[in-house]
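One structure is given below, encoded as structure tokens.
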Ligand SMILES: [Zn+2]
């Protein structure tokens, strides 16, 4: 009989990406760091909002446009409140919008350090035969799924691949290349615990030893 251990892994980067821009004060291309603060300017019922960045070397500011000439009454009150209160989640959402950031900077530096918070979703009775990992990744964390699983489960990437080849590991939504692609929010990974080299279900909720998963910087 199958018994299922359900866990959630919440994967969050520890730092926001840094766009490299020409800093007029340093007179050089330097990395800019998000201050997690917004600047909001209202004029004649129109609103502009920026996420404020600072040069990592001299504190020179750069404003990343978030809203441009937006009619105030067209903005959701919750968003307006979040902008004026410097809501951290909204600041991070914009700081990880690499598509829009990429319009202002040709070089965006991402960081590999992640936190992986693990939570047991279903109480476990007896020995689980299968484990289901639900991934919550609210921000683009830039790490491959096989790398995350290998690092957190203490296995090699080839061991992860062998599990998948032997149908002991599957990923939903189904995608043949999912393991080699970046971790996505909402993914579910099911693993036949009996196929693991060591059947220890506590592995799925244990905090990993290493804080960082090395990942090549993205262009
Ligand atoms: Zn500077």
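A few points about this structure:
- Sequence-separation-based contact order of the chain, relative, with Cα cut under 8 Å and 6+ spacing, percent: 27 percent
- Residue with peak Gaussian network fluctuation, the chain [Cα springs, cutoff 10 Å], from 150, 56, 78: 78
- By the compact-protein rule of thumb, 2.2 N^0.38 Å, the alpha-carbon radius of gyration of the chain corresponds to a ratio of 1.24.
- Packing, as the average of other Cβ atoms within 10 Å across residues, places the peptides 153-159, 140-146 in the order 140-146, 153-159, highest first.
- Approximating the spin labels as points 7 Å out from Cα along Cα→Cβ, the residue 78-to-residue 15 distance works out to 3.2 nm.
- Taking the average, over residues, of other Cβ atoms within 10 Å as the packing measure, peptides 9-16, 104-111 rank 9-16, 104-111 from highest down.
- With the helix formula -39500 (n - 2.57) applied to DSSP H stretches of n ≥ 4, the chain reaches a computed 222 nm mean residue ellipticity of -4500 deg cm²/dmol.
- With the simple model of a label 7 Å out from the Cα in the direction of the Cβ, residue 188 to residue 170 spans 1.1 nm.
- Computed over segment 18-109, the percent of Cα pairs more than 17 Å apart is 49.
- Take the Cα of residue 63, go 7 Å toward its beta carbon, and the backbone nitrogen atoms of segment 16-42 under 14 Å from that spot belong to 37-42.
- Once both labels are positioned 7 Å from their Cα atoms along Cα-to-Cβ, the gap between residue 109 and residue 44 label points is 4.1 nm.
Quick note: the coordinates plus some simple rules give every number you see, no bench work behind them. In this text the structure is predicted, and so the values were computed from the model without any measurement. Every residue, glycine as well, gets a Cβ built from its backbone with ideal geometry; the counts of neighbours run over all protein chains shown.
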